[in-house]
Amino acid sequence: MALRLLHFEACPFCEKVRLSLARMGLAYEGETIEPDDRRRVEEVSGQRLVPVLCDEDRIIPDSTRILRYLIARYGDKNMLPADPAEQALAWIVEDYADEVLGPLLRSILEARSSSGAHLQPAERRELERHLETQYRNLEQLFSQRNFVFGGAPGLADIALYAFLSRLVQDGQREISAGFPHLKAWYGRMETL
C-alpha cells in the first residue's frame, strides 16, 4: 500500500508534510479534504485535524508526528543535518515554526487574536512589530548561510517556508527588500 496523505490545500501544516515527502523522494497519494466536510478525516483517524498520514495499517495525525515517523521509518534523506546537536536544533526550529511563527501569521492573516477576537488597531500594530522582530532574526540567520544548516534545505527550512509562504501566497505581502537575505532564502525555497 502506498503512502496516503489526507490534507487541506491551504494549510501550512499540510504543506510542511507535502514538501517533506517531496524532499525525501517518497511517493504518496494525496486526498484533499474540504475544510467544511471532515467526515473522511474522522472516519480514518478518529479526529478532525489534518494532515493525517496512512502507511499500511498505521494512521498518523499531526504534522510533527508525521515527520518524526517518516524520518524514523524511511531515513532522514537529507532532512536533518549529520550532527546530533544540529538535528535537535532542526526540531526546535520546526517547533518554532508551528508554535510561534504559525500562530503569529495566522493572527495577522485573519486579523484575529489567538482567542478569535477581532484585532484592534493597536493589537495589529503590536503583531506587526512582533513579525518584524521574527524577520530580523531570520535575516540575521540567513546573512551567513543559504539555508538554516548551510548548503542544502532540510526540515528546518521546510517548516519555516510552509508558514511564510502562506503570508506571501495569500497576497498579504511580500518579504520586504529590507530583509535581502531572508528574501533570497525564500526565493531559493520557491525553486525547490
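The table for this structure:
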quantity	calculated
Estimated dipole of the range 3-74 in Debye, rounded to 20 [Cβ of Lys and Arg +1, of Asp and Glu -1, Cα centre]	380 debye
Gaussian network model of the chain, Cα within-10 Å springs - most flexible of 109, 167, 67	109
Ranked by how many other beta carbons lie within 10 Å on average, peptides 91-100, 131-140, 148-157 from highest	148-157, 91-100, 131-140
Computed magnitude of the charge dipole of the chain (debye, nearest 20; Cβ of K, R +1, Cβ of D, E -1)	280 debye
Rounded if a/c under 1.5, otherwise prolate or oblate - the range 44-136, Cα gyration tensor axes	oblate
Those Cys residues of the chain for which no other cysteine Cβ falls under 4.7 Å	54
Separation in nanometres of the label points that stand 7 Å from Cα toward Cβ, at residue 111 and residue 65	3.6 nm
The range 33-66: GluC sites (Glu not before Pro) falling in loop per DSSP and having at most 10 other Cβ within 10 Å	56
The range 99-120 versus the range 127-160: alpha-carbon centroid distance in Å	20 Å
The range 84-190, relative contact order [Cα under 8 Å, separation at least 6], %	31 percent
Proxy reagent accessibility, fewest Cβ within 10 Å first, across 57, 83	57, 83
Value of [θ]222 nm, deg cm²/dmol, for the chain, DSSP H segments ≥ 4, -39500 (n - 2.57) each, nearest 500	-17000 deg cm²/dmol
Length-normalised contact order for the chain - Cα pairs under 8 Å, 6+ apart - percent	20 percent
Order of 15, 123 under a 10 Å beta carbon neighbour criterion, fewest first	123, 15
Largest to smallest principal axis extent of the C-alpha atoms in the chain, angstrom	48, 41, 27
For the range 3-74, alpha-carbon Rg over 2.2 N^0.38 Å	0.99
Pairwise label distance in nanometres, residue 122 with residue 191, each label 7 Å out on the Cα-Cβ vector	4.6 nm
Order of 118, 130 - criterion: other Cβ atoms within 10 Å of each residue's Cβ, fewest first	118, 130
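Throughout, read-outs are computed from the coordinates displayed, never taken from laboratory work. Everything numeric here is computed off the predicted structure, so don't read it as measured data. In this analysis, Cβ positions are derived from the backbone assuming ideal geometry, glycine residues included, and neighbour counts consider all displayed protein chains.
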